[in-house]
Amino acid sequence: MSERIIPRRELEILISKVPENPNPKVKLEQYTIPPEVASRMLYIACYVYRDIVGKRVLDLGCGTGRLAIGAAYLGAAEVVGIDIDREVVKIAKDAANDLEVGESIYWVTGDLYALRGRYDTVIQNPPFGVQRRRADRIFLKRALELGFKVYSLHKSEVHDREVVKSFRGSRDKMVPAKPSRFLETYIRGLGGEIEGVYAMLMRIPRVFHFHRKFRHEFIVNLYVIRRKDASKSLLDSHPTEEIG
């Protein structure tokens, strides 16, 4: 368990050492989460809501493992990272070992339904549903089935260029935001309650052939969600075994 508050910049530097996905697949909407976004997300979960240190954490759709590795570094008791792409799971496992946090992370190759048990905290950067409609909803539903607290990134409905420009002036800018009416209703229907929404700028490089710009900038919202039955104990949960 972490005995000190780890500076966010230190966490960001650590996460930046985790490789990007070398072979992203369009149909899976694979975008490697930028270090600055991952570190802000984890920092809120850890130091604002106290949902990382000593907790059982799940990184759903882990990719190369940036969120899982960051959670382990912050002091999670146990971390599970799962992804359907065997190649990125291997990269994540190697990166965790190189960064000396591998002993506290279980890596699983499988789909969203390859896990059992419950987790204190689920962290995820799900598909935005651009290539596969409603893909983000599937992740939200599964996250709330598995976890008592969920930290999930979703593309903002705000597309104003001036809003995007306003974020560029400050590297660390992150502001409270209003939830999407649709997501608010959907999350409530799943038995969840939104505790907070935070907007930040995400920058991703040109990944696929249809990307016109060298770098794409847009606003993402971090949703902090609590299950309404979040007071239940995890004493009956068991560690997840690696699959595949």
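The values are calculated or read from the model by the stated rules, or taken from the named source; none is laboratory data. Since this is a predicted model, take the numbers as computed values, not measurements. Cβ atoms come from the backbone with ideal geometry, glycine included; neighbour counts cover every protein chain shown.
Restricting attention to helices (runs of 4 or more DSSP H) lying wholly within region 133-244, give those where 1 or more residues are modelled with pLDDT under 90.
Values: elements: 135-146, 161-168, 181-189.
Output list reads 135-146, 161-168.
Scanning region 105-117 for residues that are closer than 20 Å to residue 52 by Cβ and at pLDDT 95 or above, which turns out surrounded by the fewest Cβ atoms within 10 Å (Cβ to Cβ)?
Our first condition is that a residue be closer than 20 Å to residue 52 by Cβ; within region 105-117, this holds for 105-108, 115, 117.
Then keep just the ones that are at pLDDT 95 or above; that gives 105-108.
Working: 105: 23, 106: 19, 107: 24, 108: 21.
For region 105-117, the residue satisfying everything is 106.
Residue 51 is checked against (1) surrounded by fewer than 24 Cβ atoms within 10 Å (Cβ to Cβ); (2) among the charged types (D, E, K, R); (3) within 22 Å of residue 192 (Cα to Cα); (4) at pLDDT 95 or above and fails just one. What number does that condition carry?
(1)
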